[in-house]
Amino acid sequence: MSSSFKFDKNAFMREVQREAQKGIDQIALEQNRELERMSATYTGRPIEEIKPALRRLFARYDGKITDPELTEWAQLISDGTKITLKPDRIRF
């Protein structure tokens with residue numbers, strides 16, 4: 001009894017890419033929701049009050065942010081500017 005199995009590397013990689021993209025998109029959606037909640041809570045508040053909350057948000061997702069970036073984002077939130085993260089498309 002013989003059987004043949006052909007592995008389609010391209011189909012496999014497309015599926016991996018599709019699933020990875022869904023994960024990245026989901027994380028961005030969650031982060032955008034958290035940024036919206038932060039905006040609702042911190043609009044009009046001092047930057048120094050917002051920065052620790054932003055730092056915690058980035059830490060939750062193992063993200064890194066410099067202090068100048070943190071200050072810039074905190075200012076945007078304080079001003080009531082909407083921040084929306086848009087994930088790049090994964091390419092293998």
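General remarks:
- Heavy-atom accessible area per residue - the range 28-86, 1.4 Å, Å²: 65
- Phi angles of the range 74-84 translate, via the Karplus equation with coefficients 6.51, -1.76, 1.60 and θ = phi - 60°, into HN-Hα couplings of 4, 5, 4, 5, 4, 6, x, 6, 6, 10, 10 Hz per residue; Gly and Pro are given as x.
- Relative to the longest principal axis of the Cα atoms of the chain, helix 47-60 runs at roughly 20 degrees.
- Per-q log10 I(q)/I(0), the range 28-86, q = 0.19, 0.28 Å⁻¹ (Debye; single scatterer per alpha-carbon; no solvent): -0.59, -1.32
- Summed over qualifying helices (DSSP H, 4 residues or more, each -39500 (n - 2.57)) and divided by its residue number, the chain shows a 222 nm mean residue ellipticity of -23000 deg cm²/dmol.
- Computed from backbone phi, the HN-Hα couplings of the range 22-39 come to 4, x, 4, 4, 5, 4, 4, 4, 4, 5, 5, 4, 5, 5, 5, 5, 4, 4 Hz, rounded to whole numbers (Karplus: 6.51 cos²θ - 1.76 cosθ + 1.60, θ = phi - 60°; Gly and Pro given as x).
- Extending 7 Å from Cα along the Cβ direction at Asn32 and again at Lys6 yields two label points whose distance is 4.0 nm.
- Where labels lie 7 Å past Cα in the beta-carbon direction, separation of Ala20 and Phe92 in nm: 0.7
- Value of relative contact order over the chain, rounded to a whole percent, pairs C-alpha under 8 Å and six or more apart: 41
The values are calculated or read from the model by the stated rules, or taken from the named source; none is laboratory data. It should be emphasised that the depicted structure is a prediction, and the values quoted were computed from it without experimental measurement. Counting neighbours? That spans all protein chains shown, and the Cβs are built from the backbone with ideal geometry, glycine included. To get the accessible areas, we keep the full protein, side chains included, count just its heavy atoms, and leave off ligands, DNA and RNA. Shrake-Rupley method; radii C 1.70, N 1.55, O 1.52, S 1.80 Å.
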